[in-house]
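Single-structure report; data block below.
What follows draws every value from the coordinates through simple rules; no lab data is involved. Model, not experiment: these values are computed from the prediction. Every residue, glycine among them, receives a Cβ derived from its backbone with ideal geometry; neighbour counts consider all protein chains shown.
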Number of protein chains: 4
Amino acid sequence: MAVVQFTIVPLGTGTTSLSAYVAQVHKALDESGVKHSLTPMGTVLEGPLDELLAVIRQMHELPFAAGSQRVMTLINIDDRRDKTGTIEQKLKSVHDKL
Amino acid sequence: MAVVQFTIVPLGTGTTSLSAYVAQVHKALDESGVKHSLTPMGTVLEGPLDELLAVIRQMHELPFAAGSQRVMTLINIDDRRDKTGTIEQKLKSVHDKL
Amino acid sequence: MAVVQFTIVPLGTGTTSLSAYVAQVHKALDESGVKHSLTPMGTVLEGPLDELLAVIRQMHELPFAAGSQRVMTLINIDDRRDKTGTIEQKLKSVHDKL
Amino acid sequence: MAVVQFTIVPLGTGTTSLSAYVAQVHKALDESGVKHSLTPMGTVLEGPLDELLAVIRQMHELPFAAGSQRVMTLINIDDRRDKTGTIEQKLKSVHDKL
């Protein structure tokens, strides 16, 4: 199990707004069945790493399908093998110490 | 107003757990008065950019004060001047399109 | 063709040095045949995006095979479809304007 | 001494090309006297951390001055206190192990 954040940034779109692209990604994620969470600076996924990377790869295509010619995608993988790292566990670990 | 995510990663600590460091940062942020939000992969701040960068600079010192010898800090700044970009506005813009 | 930077960070290793892990990645990249370049903060690859992501996925396993229990991997994809984006072209575009 | 990579991404510019913005940053860095290196995916600086962050903060304003209304800036700080971490030392440490 891994927790992965990604941010997809279409370049040269002529508009400063990205929310339409983000909404498109979240509709596709809802259909994908992958556990996901929207944060102010990206989308966080949880699950088997190969599955998550395949999903992000698909999401990366969405702005191109919508007409973009250049897309920057940032991915941050947190992969832990000594215990099951999940979104809930990560947040709970911090809250328990507060 | 900017929205900024940061993630502080102490290296070579001998433990795979980072939650004690994250909790320390959040206690300091609570005292700072800066608007902040904990996400599974980092902390998101909102406010005047110079103020946020000064706060992150202070947070970056915390692991050193706790004994770390090497710290990697990732910062992602989203700075918008055509409208007031806030955490709430960013999330709302996406939800309105879902 | 895409240009992709990645940085693999093993956590909790007990040593502040990362160069042994980076060297291991570069030996594997030399054998892979993928075009790659070492920079001070990461490794840059050039090629078809699916191929690059598959290579990074393999590299991400190397610290685990060497005993790490938690690995953070950062990936930054620059994918351009209106022209062939390569490492050389990107650097040349900037130098031509200097 | 820290080594810091940053990438400045103006959004909504209407052009997929970023090289004019990168060139502008490098002209300013040449005048600043800060040690810097252009890589395919960002700019790497070396020096006292506070000085580097102040420089990046100035560079972040350049696209706004050129008419951009939204700028995303990515910063990756590698700060080491057990030895002097420099661009040259980081690359040499890896090459010595190859």
(message) Quick check on the protein assembly as shown: take the gyration tensor over C-alpha atoms, sort the square-rooted eigenvalues as a ≥ b ≥ c, and tell me if it's rounded (a/c under 1.5), prolate or oblate.
(response) rounded
(message) Counting just the Cα atoms, what span does chain B cover along each of its three principal axes? Round to the nearest Å and put the largest first.
(response) 45, 29, 21
(message) So the label point sits 7 Å from Cα along the Cα-to-Cβ vector; using that for A:Asp50, what distances do you get to the other copies, in nanometres, sorted shortest first?
(response) 1.5, 5.1, 5.2
(request) For peptide C:64-74, compute the average count of partner chain beta-carbon atoms within 10 Å of each residue's beta-carbon. (result) 6
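Give me the net charge of D:Ala23's neighbourhood, meaning all other residues with Cβ under 15 Å from the Cβ of D:Ala23; Lys, Arg count +1, Asp, Glu -1.
Numbers: positive: C:Lys90, C:Lys92, C:Lys97, D:Lys27; negative: C:Asp96, D:Asp30, D:Glu31.
Around D:Ala23, the surrounding residues sum to +1.
Kindly provide the helix-only [θ] at 222 nm of chain D, computed as the sum of -39,500 (n - 2.57) over DSSP H runs of four or more divided by all residues, to the nearest 500 deg cm²/dmol?
On the way: 3 runs with 41 residues, N = 98.
Computed ellipticity for chain D at 222 nm equals -13500 deg cm²/dmol.
Given charges of +1 on the Cβ of Lys and Arg and -1 on the Cβ of Asp and Glu, with all other atoms neutral, how large is the dipole of segment D:2-96 about its Cα centre, in debye to the nearest 20?
That gives a dipole near 180 debye.
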(message) Taking the Cα centroid of segment D:24-55 and of segment B:19-98, what is the distance between the two, rounded to the nearest whole Å?
(response) 23
(request) Grab the beta carbon distance between A:Ala54 and A:Lys27, set R0 = 25 Å, and tell me the FRET efficiency rounded to 0.05. (result) 0.90
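Mind putting a number on the dipole of the protein assembly as shown about its Cα centre? Charges go on the C-beta only, +1 for Lys and Arg and -1 for Asp and Glu, and I need it in Debye to the nearest 20. Spell out each step's value before the answer.
Numbers: 40 positive and 44 negative charges, 0 e Å.
The calculated dipole for the protein assembly as shown is roughly 0 debye.
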